[in-house]
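See structure below.
The values are calculated or read from the model by the stated rules, or taken from the named source; none is laboratory data. It should be emphasised that the depicted structure is a prediction, and the values quoted were computed from it without experimental measurement. Quick reminder, even Gly has a Cβ in these numbers, built from the backbone with ideal geometry, and neighbours come from all protein chains shown. In case anyone asks, the SASA skips ligands and DNA or RNA and just uses the protein heavy atoms, side chains included. Shrake-Rupley method; radii C 1.70, N 1.55, O 1.52, S 1.80 Å.
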Amino acid sequence: MILPSPGVESEYDRKSELKAFDASKSGVKGLVDGGMTKIPLMFIHPHYNPDAKSGSVVSQFRVPLIDLDGVNEIATLRAKIIDQVREACENWGFLQVVNHGIPASVLEEMLGGIRGFHEPDTQMKKEFYTRDFKEKVSFVSNFDLFQATAATWKDSLSWAVAPNPPHPTELPAVCRDIVMEYSKQVKRLGYTLFELLSEALGLHVNHLKDMECAEMMFHAGHYYPPCPEPELTLGARRHTDSGFLTVLLQDQVGGLQVLHQNQWIDASPMPGALVINVGDSLQVITNDRFKSIEHRVLVNSESSRVSVASAFGTTLFPSSKLYSPIKELLSQENPPKYKEATLQTHVAYLRGKRV
């Protein structure tokens, strides 16, 4: 298959293909249900190298795993956990946590609820399909469908939790109860994580919470259908998260990879574990001490994948609030690397540097 060359008029009408896909309101799952055996051109990533995956060469690397059991009960254990969190955020920008307080039954039910929304016929999903992200609940395929150079193999059900949560009746009935319960539990975990992060920075336990880092929360329940040509596309292209912190629940299929020391490392699923990663906004206010790291999601031809990303802080909802590096972290030896600006400005600057 010959792809249109950059700067050359496309050999096919890409805009019409995008519009037709969006108008179907059926997402990528709708293509798969239609019996498609070749993926449309709009999904092909010309610069994706399927051979640049993690493998035996980098098998010595593992995303740090931290056990939070007893973190609020034993002072010496808490100090050890804080050290582990500090090291992971400085060197990886990613970690996995177990014994985080959310029951395994809630995690499984949440994954089942998101799968239950995405997998049935499309009629129910179409009622939620919208690109108006001011809506409190939305179903869409590819948030940036009309801006990205290539689409990704993923559909998403999204909802804001804080500060203005949807009314329960606005959520899909198939996952309504578990979405409400999971959102409540993740918010509680988020408070604990921001306490640990504050202490890992040598700050007062409530410093990041007092900065309102946990006051805006947005969830996305992603669904990655089986792909007939997984070597040509991605479930999520390489990117960083814009907010302060993301809590990710993933099923056991796998596919998430983290860029570490210029190698793609599998963030292999572990039963009962949650993946935590630093976002661009946290990197800014810590003056680059905690790193926001690029990651991506691969797809496969055999299995669908489900994940739920819970973002604390997001630039999806623009704010005029200004942020700069925390003054307690600065010194003559460590001057501020960022001027006071909105998070949108900071994130745009960071992403411009990474291009």
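Taking Pro226 as meeting all but one of (1) open to solvent by 30 Å² or more (accessible area, probe 1.4 Å); (2) closer than 27 Å to Lys136 by Cβ; (3) touching a helix residue (DSSP H, G or I) at 6+ places or on another chain (Cβ under 8 Å), write down the number of the exception.
Of everything listed in (1) open to solvent by 30 Å² or more (accessible area, probe 1.4 Å); (2) closer than 27 Å to Lys136 by Cβ; (3) touching a helix residue (DSSP H, G or I) at 6+ places or on another chain (Cβ under 8 Å), Pro226 misses just condition (2).
Considering only the range 280-288, I want to know if a residue exists there that is surrounded by fewer than 18 Cβ atoms within 10 Å (Cβ to Cβ) and touching a residue at least 24 places away in the same chain (Cβ under 8 Å).
Looking for residues that are surrounded by fewer than 18 Cβ atoms within 10 Å (Cβ to Cβ) and touching a residue at least 24 places away in the same chain (Cβ under 8 Å), one finds at least one in the range 280-288, hence yes.
Going through Arg78, Arg86, Arg62 one at a time, which residue ends up being outside any helix (DSSP H, G or I) and either modelled with pLDDT under 95 or farther than 21 Å from His239 by Cα (or both)?
Within the list Arg78, Arg86, Arg62, the selection yields Arg62.
Look at Met42 and say whether it is of a type in the set (A, V, I, L, M), in contact with a helix residue (DSSP H, G or I) (Cβ under 6 Å, 6 or more places away or on another chain) and either modelled with pLDDT under 95 or open to solvent by less than 30 Å² (accessible area, probe 1.4 Å) (or both).
So Met42 passes the test.
Does the range 289-325 hold any residues that are surrounded by fewer than 20 Cβ atoms within 10 Å (Cβ to Cβ) and farther than 27 Å from Gln261 by Cα, and which are they?
Within the range 289-325, Ser301, Glu302, Ser303, Ser304, Leu316, Phe317, Pro318, Ser319, Ser320, Lys321, Leu322, Ser324 qualify.
Only one of (1) in contact with a Gly (Cβ under 9 Å, 6 or more places away or on another chain); (2) free of Cβ contacts under 8 Å to residues at least 24 places away in the same chain fails for Asn206. Which number is that?
Among (1) in contact with a Gly (Cβ under 9 Å, 6 or more places away or on another chain); (2) free of Cβ contacts under 8 Å to residues at least 24 places away in the same chain, Asn206 violates only (1).
Looking at the range 252-273, can you tell me whether even one residue there is open to solvent by less than 30 Å² (accessible area, probe 1.4 Å), hydroxyl-bearing (Ser, Thr, Tyr) and in a loop (DSSP other than H, G, I, E, B)?
no
Kindly provide the set of residues from the range 104-139 that are surrounded by fewer than 22 Cβ atoms within 10 Å (Cβ to Cβ), in contact (Cβ under 8 Å) with a residue 12 or more places away in the chain and of a type in the set (Val, Ile, Thr), ordered by number.
Answer for the range 104-139, where residues must be surrounded by fewer than 22 Cβ atoms within 10 Å (Cβ to Cβ), in contact (Cβ under 8 Å) with a residue 12 or more places away in the chain and of a type in the set (Val, Ile, Thr): Val106, Thr122, Val137.
Do we find that Glu181 is part of a loop (DSSP other than H, G, I, E, B) and either at pLDDT below 95 or of a type outside the set (Ser, Thr, Tyr) (or both) in this structure?
Against the criterion (part of a loop (DSSP other than H, G, I, E, B) and either at pLDDT below 95 or of a type outside the set (Ser, Thr, Tyr) (or both)), Glu181 does not qualify.
Test Gly254 against the criterion of being among the small types (Gly, Ala, Ser) and in contact with a Pro (Cβ under 6 Å, 6 or more places away or on another chain), and give yes or no.
yes
Of Ser292, Ser320, which residue is assigned to a loop (DSSP other than H, G, I, E, B), of a type outside the set (A, V, I, L, M), modelled with pLDDT under 95 and under 24 Å from His207 (Cα atoms)?
Exactly one of Ser292, Ser320 is assigned to a loop (DSSP other than H, G, I, E, B), of a type outside the set (A, V, I, L, M), modelled with pLDDT under 95 and under 24 Å from His207 (Cα atoms), namely Ser320.
Of (1) in a loop (DSSP other than H, G, I, E, B); (2) under 16 Å from the mean Cα position of the chain (by Cα), Pro336 satisfies all except one. Which?
Of everything listed in (1) in a loop (DSSP other than H, G, I, E, B); (2) under 16 Å from the mean Cα position of the chain (by Cα), Pro336 misses just condition (2).
May I ask you to list the residues in the range 153-197 that are among the acidic types (Asp, Glu) and either open to solvent by 20 Å² or more (accessible area, probe 1.4 Å) or free of Cβ contacts under 8 Å to residues at least 40 places away in the same chain (or both)?
Result: Glu170, Asp177, Glu181, Glu195.
Being closer than 22 Å to Gln84 by Cβ, of a type outside the set (Ser, Thr, Tyr), surrounded by 17 or more Cβ atoms within 10 Å (Cβ to Cβ) and at pLDDT 95 or above narrows it down to one of Ala200, Ala150, so name that one.
Result: Ala200 is the single residue among Ala200, Ala150 that is closer than 22 Å to Gln84 by Cβ, of a type outside the set (Ser, Thr, Tyr), surrounded by 17 or more Cβ atoms within 10 Å (Cβ to Cβ) and at pLDDT 95 or above.
Taking the range 312-347, which residues are in contact with a strand residue (DSSP E or B) (Cβ under 9 Å, 6 or more places away or on another chain), small (Gly, Ala, Ser) and within 17 Å of Thr286 (Cβ to Cβ)?
Gly313, Ser324, Ala341 - these are the residues of the range 312-347 that are in contact with a strand residue (DSSP E or B) (Cβ under 9 Å, 6 or more places away or on another chain), small (Gly, Ala, Ser) and within 17 Å of Thr286 (Cβ to Cβ).
Anything in the range 213-241 that is in a loop (DSSP other than H, G, I, E, B) and either in contact with a strand residue (DSSP E or B) (Cβ under 8 Å, 6 or more places away or on another chain) or β-branched (Val, Ile, Thr) (or both)? List them, or say none.
Matches in the range 213-241: Cys213, Ala214, Glu215, Met216, Pro225, Thr233, Leu234, Gly235, Thr240, Asp241.
List the number of the failed condition for Lys125; all other conditions in (1) assigned to a helix (DSSP H, G or I); (2) more than 22 Å from Ile39 (Cβ to Cβ) hold.
With (1) assigned to a helix (DSSP H, G or I); (2) more than 22 Å from Ile39 (Cβ to Cβ) applied to Lys125, the lone miss is (2).
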